[in-house]
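Remarks on the structure that follows.
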Amino acid sequence: MSVIEVVAELRRAYALLVDALAATAHAEQAIDDGSTTFDAATTGSAQPAVDSARHCALAAADDIRAARAALVAAQDVIDAYCQEIAGHGIIDGTTITGPTGTKPTPPPATSPPNQPSAPAPPQSATSPRSPNSNAAASRSAPTESSE
């Protein structure tokens, strides 16, 4: 496998991570929205099940944040490997971290050819997704370009 082919595969993997990061942002927003609704509906309740449900929501949010951190770490590994083998980062032949340590906003990630795309997470009709719900979800998606 040539370096160009390896970089193309790394870009496909990176794009999947971008999609997964976006899903974590949506999941965290859904958890937050559900917790807010639940708290409003159960204000003043002393039932043990209410405290247990609140604890579950907090634990789920913690799990989502841990998943996001792992996905970001995987992106960093891919970028470092691409830097090592190709002499540039995974995004457009440059390193992926901008001067302020932030990532540029990506174009929509695409699925690799001949592979089905993962289904989109369901959207709640009553709680629209926040476009700013997670800065990490704005990690850059790779673009297909020649090496």
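Taken together, the values in this text are just the output of simple stated rules run on the coordinates, not laboratory data. Note that the structure is a prediction, hence the values are computed from the model and not measured. Cβ placement follows ideal geometry from the backbone for every residue including glycine, while neighbour counts extend to all protein chains displayed.
If R0 is 30 Å, what FRET efficiency do you get for Glu5 and Ala66 from their C-beta distance, rounded to 0.05? So, using R0 = 30 Å, E works out to roughly 0.35. A simple spin-label model places pseudo-atoms 7 Å from Cα toward Cβ; at Tyr81 and Thr37 they are separated by 4.0 nm. A cut-off of 5 Å between modelled amide H atoms, ignoring neighbours fewer than 5 places along the same chain, links Ile90 with Ile96.
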